[in-house]
C-alpha cells in the first residue's frame with residue numbers, strides 16, 4: 001500500500017515542554033487512520049505539524065510525497081483540514097464561505113459555483129446557503145467546515161475531533177459522511193475522544209500518550225492486547241457511595257460507575273468475584289446482575305496508556321461537553 | 001516563477017476581499033476612523049493651535065492612521081481568537097501572502113476613508129487639488145504603511161482591547177510629533193529629529209505637497225520612497241513576529 005503521510009522522528013517542543021516526541025507514522029492511501037490519546041497527549045500538535053500550521057522542532061513529514069516544511073504549498077494542495085473548532089466566517093453566508101475556500105485553494109473560477117452547490121447539497125445545507133453562518137446551528141457549522149475542507153477534492157482530510165461537542169443527531173449525520181467520503185477514495189486522518197467512534201470508523205489506530213506513539217494497530221488487534229485483563233460489570237442495590245470502596249477490594253485494580261452499573265477492572269475474575277460477593281454480604285448489598293465483559297477498545301486504551309479507568313471516565317465526560325482537550 | 005507570484009497576489013486579493021467584507025466595511029469602523037482624528041482637530045482648532053494649511057493633509061493622514069491601524073490589528077486578533085486564522089495557515093498560501101492580503105484590505109479601507117474626509121474638507125475649505133493621481137498615490141502609500149503597522153501590533157495582542165491599547169500607544173505620540181497639527185519647523189529640534197523616524201511625518205508631507213503641486217516634486221518622491229520602505233520593513237517584521245508568536 002502507498003503511504004500518503006510519512007512522518008519520521010516528528011518532534012515539537014514548546015520551551016521546556018516536549019509536546020510530541022519523535023513520532024514515526026505512516027498513513028496509507030484510502031484508509032481511515034485514527035489517533036487516540038488522553039488529554040494533552042499531542043494529537044492536535046501532530047495534526048498542526050502535518051498540515052503545515054506549525055513547524056516541527058525536529059523530524060520531517062511527507063504529505064503526498066511533498067515535504068511539509070520545504071514544499072508547504074504543494075503539500076497543502078492535497079490536504080483538507082477540519083480543526084477542532086468550526087472555523088467558519090459567521091459574517092458570511094454558507095455559499096460565500098465555500099467560494100472563499102475555493103478561491104484560497106485555487107479551484108478554477110468556472111468550477112467554484114458547481115462544487116459549492118454539490119457540497120451544500122451533500123451536507124444538507126443547500127436551503128440555508130444564503131443565510132449568515134452565524135445563524136446556523138453548531139451541527140450545521142460543523143458540516144460546513146467539513147464541506148469547506150473538501151472544496152478542492154483533497155486526497156487526504158485531517159479531522160480533529162469531528163463530533164466533539166455535537167448533539168447525538170448531528171454526530172449521527174457526520175459519522176456516515178466520513179465513511180462515505182472514505183469510500184469515495186479520500187484518506188481520513190482522525191482524532192477523537194470517542195473511543196467507540198474510532199472503533200467504528202478506523203481501520204488502524206495509533207494510541208498516543210505523553211507525546212509518544214505507544215501502540216499502532218487495527219482496533220481488533222488492539223483489543224486482543226487487552227485480553228490479559230478482565231472487566232466485571234455489576235449492578236448493586238443500594239448503589240450510592242460504593243465506587244471508592246469497590247476500588248479498595250482485593251484483586252480489583254480500578255472501578256468506575258457507568259450509569260447504574262459498576263465496572264471493575266480485575267486481574268483474575270475467579271479470584272475477584274468471591275471477594276465481591278463477600279463485600280456485598282457484609283454490607284447488605286443486593287447483586288442485581290453480574291457479567292464479565294469482552295475487552296473493549298477503551299479497555300485496550302486504558303491498558304496501553306496506563307491511564308486509570310477513572311481518568312478515562314472524566315475524558316469521556318469532557319468529550320460529551322465538547323471541551324477542548326488538546 | 002512569475003506565475004507563482006501572480007497566483008500569490010491573486011490569493012492575497014481574495015483574502016483582502018474577504019477581510020473587507022467580514023471586518024472592514026462596517027459603520028462602526030468608519031465612525032471610529034473618522035471620529036477620533038476629527039475630534040482632535042476640533043479640539044486643537046478651538047485652542048487656535050492648528051496651522052490652517054495643514055488641515056486637509058494633516059487630518060486626512062490622521063484618519064488613515066487611526067482607521068487602518070485599529071481595524072487591521074483587530075481583524076488579525078479576531079481571526080486568531082475565532083480560529084479562522086488557522087484556516088488561512090492550512091491553505092496552500094505562504095505566510096507572507098496572508099499578511100499581504102490583510103494589508104491590502106487595509107489599503108482599500110484607508111483609501112475609502114481618506115476620500116470620505118478629504119473630499120468634503122477640500123470642498124468646505126475651497127482647496128483645489130492640483131493632481132488627484134498624486135494624492136491617490138500618497139493616500140494609498142500611507143494606507144499600506146499604517147496597515148502594515150497594524151499587522152505588527154496584532155502580533156503582540158491576544159485580545160481586541162490589547163490591540164487597541166497598543167495601537168494608541170503608537171498613534172497618539174505619532175500624531176503630535178509628525179507635523180499633523182503644527183509644521184515640523186515649529187517643533188523643538190530634538191522632537192523634529194524624532195519626527196523624521198515616524199511614517200506619519202512622510203504621509204502628512206506627501207499629502208500636503210501632492211495637494212499643492214501638479215507634478216511630483218523631489219520631496220514628494222522621497223516621501224513615497226520612505227513610505228514604501230516603511231511598508232516593506234513593517235510588513236516583513238510584522239509577518240516574522242506574528243509567525244513566530246503563532247508557533
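Filtered by the rule that a residue be surrounded by fewer than 20 Cβ atoms within 10 Å (Cβ to Cβ) and within 23 Å of the chain's Cα centre (by Cα), region B:109-126 gives B:111, B:112, B:115, B:116, B:119, B:120, B:121, B:122. Checking the stated criteria, residue A:7 turns out to be free of Cβ contacts under 8 Å to residues at least 60 places away in the same chain and under 20 Å from the mean Cα position of the chain (by Cα). Taken over region A:67-76, residues that are in contact with a helix residue (DSSP H, G or I) (Cβ under 8 Å, 6 or more places away or on another chain) and crowded, with 19+ Cβ neighbours inside 10 Å amount to 2. One residue is enough: does region B:203-213 have a residue meeting the conditions free of Cβ contacts under 8 Å to residues at least 12 places away in the same chain and surrounded by fewer than 17 Cβ atoms within 10 Å (Cβ to Cβ)? Within region B:203-213 (the criterion being free of Cβ contacts under 8 Å to residues at least 12 places away in the same chain and surrounded by fewer than 17 Cβ atoms within 10 Å (Cβ to Cβ)), the answer is no, since none of the residues qualifies.
Among the residues of region A:264-294, write down those that are within 29 Å of residue A:215 (Cα to Cα) and buried (at least 20 other Cβ atoms within 10 Å of the Cβ).
A:264, A:265, A:266, A:272
Listed by first and then second residue, the pairs linking a residue in region A:77-95 that is within 8 Å of chain B (Cβ to nearest Cβ) to a residue that is surrounded by fewer than 23 Cβ atoms within 10 Å (Cβ to Cβ) and part of a loop (DSSP other than H, G, I, E, B), with Cβ atoms under 6 Å apart and 6 or more places separating them unless they lie on different chains, are A:77/B:92; A:79/A:154; A:85/B:83; A:87/B:83. Taking region B:9-101 as the region of interest, the helices (runs of 4 or more DSSP H) fully inside it that hold 2 or more residues being under 15 Å from the mean Cα position of the chain (by Cα) and at negative phi are B:27-46, B:55-82.
Within region B:64-91, residues that are away from every other protein chain (no Cβ under 14 Å) reach partners that are surrounded by fewer than 23 Cβ atoms within 10 Å (Cβ to Cβ) and not in a helix (DSSP H, G or I) with beta carbons closer than 6 Å, at six or more positions or on different chains, in the pairs B:77/B:157.
With respect to being within 14 Å of another protein chain (Cβ to nearest Cβ) and either closer than 30 Å to residue B:97 by Cβ or modelled with pLDDT of 90 or more (or both), residue B:242 fits the description.
What about residue A:98, is it within 26 Å of residue A:75 (Cα to Cα) and touching a residue at least 24 places away in the same chain (Cβ under 8 Å)?
Yes: the conditions hold for residue A:98.
Scanning region B:92-130 for residues that are free of Cβ contacts under 8 Å to residues at least 40 places away in the same chain and farther than 18 Å from residue B:35 by Cβ, we see that the one that is nearest to the other protein chains (Cβ to nearest Cβ) is B:92. What number of residues within region B:187-202 are in a helix (DSSP H, G or I) and either in contact (Cβ under 8 Å) with a residue 60 or more places away in the chain or in contact with a helix residue (DSSP H, G or I) (Cβ under 7 Å, 6 or more places away or on another chain) (or both)? Result for region B:187-202: 8. The requirement of being within 11 Å of chain B (Cβ to nearest Cβ) and buried (at least 16 other Cβ atoms within 10 Å of the Cβ) is fulfilled nowhere in region A:22-33; no residue meets it.
The values are calculated or read from the model by the stated rules, or taken from the named source; none is laboratory data. Treat the numbers as computed from the prediction; the structure is a model and nothing was measured. All Cβ positions, glycine included, derive from the backbone under ideal geometry; neighbour counts span all protein chains shown.
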